[in-house]
Amino acid sequence: MKLQQLRYIWEVAHHDLNVSATAQALYTSQPGISKQIRLLEDELGVEIFARSGKHLTRITPAGEAILKIAGDILRKTESIKQVAQEFSDEKRGSLSVATTHTQARYALPGVIESFMQRYPDVSLHMHQGTPMQIAEMAADGTTDFAIATEAMEHFGDLIMMPCYRWNRSILVPKGHPLAATPRPTLEQVAAYPLVTYVFGFTGRSKLDEAFQGQGLTPKVAFTAADSDVIKTYVRLGVGIGIVASMAIDPVADPDLVAIDASHLFASSVTSIGFRKGTFLRGYMFDFIAAFAPHLTRDLVEAAVHSPGRQDVTDLFDGIELPVH
């Protein structure tokens, strides 16, 4: 059994069983990957992938178990490389972050700008997706960090740390009846069609809980994952928008009126997380502290060494989170 073979089966499984795409991603040949997978299967005496002719069709039950272990092994080898790099050149390496559009567009630019100035030899990679995709990318080792508000609690392999609280604003065009109402009620908001986030994105659950708590069923006319798309459809008159307050830019949105909605909806918490067992390099601690200054190296290391999720949660009890 070779480490290269484990990498091949892992990458094939994460390229939708497309050996050709895997070969392109790894800069090698398709026949070479197929041969090594067959050799591994022959050695193990089980099929990792089911086949129809020359095509891989699904991962077998044995393959699922093997891939889980292979992923752990590959992550351990990556940690070994990270340890070596930390001691050979502490300011050179790579950092990958998975997050949503709202975080990438509005919360992270200043953090990333200062980080890149401090660490010009660290290659930074941004991955955008749904909160579930983001958590999966961190859980399977595709990215170093996950930054999101929803879905993270479903992944027990992630160490999650709270970064900041945020709430929402209602967006309407100038001249809209709500524009002259500084503290609208939920009933007034529910009287108009809504343009807001897709369920599972950017604290949408808090929005639904508030309306349900008042026995209201608002008409959600349009949903999107992107705050800027929501603004576009508010401008088109599709409905009133409800977006994260951080996504409002007075310079870019002079035609829209923002109404604070923190009295209507419970605040949400954005967290940063990484897989248990991840070796955190010095610049990774610095990135976390730049994004959430209360997450000092000592506190992060305490979270890393906490035995369970509740123990991690208890570490942050009593900490006053900043509000964005």
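Laboratory data are not the source of any read-out in this text; all were calculated from the coordinates shown. Because the structure is predicted, anything quoted here is derived from the model rather than measured. Quick reminder, even Gly has a Cβ in these numbers, built from the backbone with ideal geometry, and neighbours come from all protein chains shown.
Brief remarks on what is shown
- For the pair LYS35 and GLN117, a Förster radius of 30 Å applied to the C-beta separation gives a FRET efficiency near 0.05, rounded to the nearest 0.05.
- Whether the stretch 269-324 is rounded, prolate or oblate, judged on the alpha carbon gyration tensor where a/c under 1.5 counts as rounded: oblate
- Computed FRET value (nearest 0.05) for SER20 with SER79, which takes r as the C-beta separation and R₀ as 35 Å: 0.70
- Fully extending the segment from ASP255 to ASP72, taken as 0.36 nm per residue of separation minus the present Cα-Cα distance, adds 60.8 nm.
- For the stretch 308-324, Karplus couplings with θ = phi - 60° (6.51, -1.76, 1.60), whole Hz, Gly/Pro x: x, 4, 5, 5, 5, 4, 4, 4, 9, 4, x, 7, 7, 7, x, 10, 9
- Sequence-ordered 3J(HN,Hα) estimates for the stretch 265-273 from the Karplus curve with 6.51, -1.76 and 1.60 and θ = phi - 60° stand at 10, 5, 5, 10, 10, 8, 10, 10, x Hz, glycine and proline given as x.
- Between ARG58, ARG168, ARG309, the residue with the greatest mean-square fluctuation in the GNM of the chain (Cα pairs under 10 Å linked by springs) is ARG58.
- The chain - mean residue ellipticity at 222 nm from DSSP helices (-39,500 (n - 2.57) per run, n ≥ 4, rounded to 500): -12000 deg cm²/dmol
- Protection proxy ranking of 128-136, 23-31, 231-239, by the mean of other Cβ atoms within 10 Å over each peptide's residues and highest first, is 128-136, 231-239, 23-31.
- The amide H of VAL122, built 1.01 Å from its N in the peptide plane, has GLY93 as neighbours under 5 Å, considering only residues 5 or more places off or on other chains.
- Packing-based ranking of 270-277, 110-117, 141-148 yields 141-148, 270-277, 110-117, ordered from highest to lowest mean Cβ neighbour count within 10 Å.
- Applying the Karplus relation 6.51 cos²θ - 1.76 cosθ + 1.60 with θ = phi - 60° to the stretch 19-25 yields 3J(HN,Hα) values of 5, 4, 5, 5, 4, 5, 5 Hz, where x marks Gly and Pro.
- Using C-alpha pairs below 8 Å separated by at least 6 residues, the relative contact order for the chain is 20 percent.
- Using the alpha carbons alone, the radius of gyration of the chain stands to its Kirkwood radius in an Rg to Rh ratio of 1.04.
- Part-to-part distance (alpha-carbon centres) for the stretch 123-179 and the stretch 288-324, which is given in Å: 17
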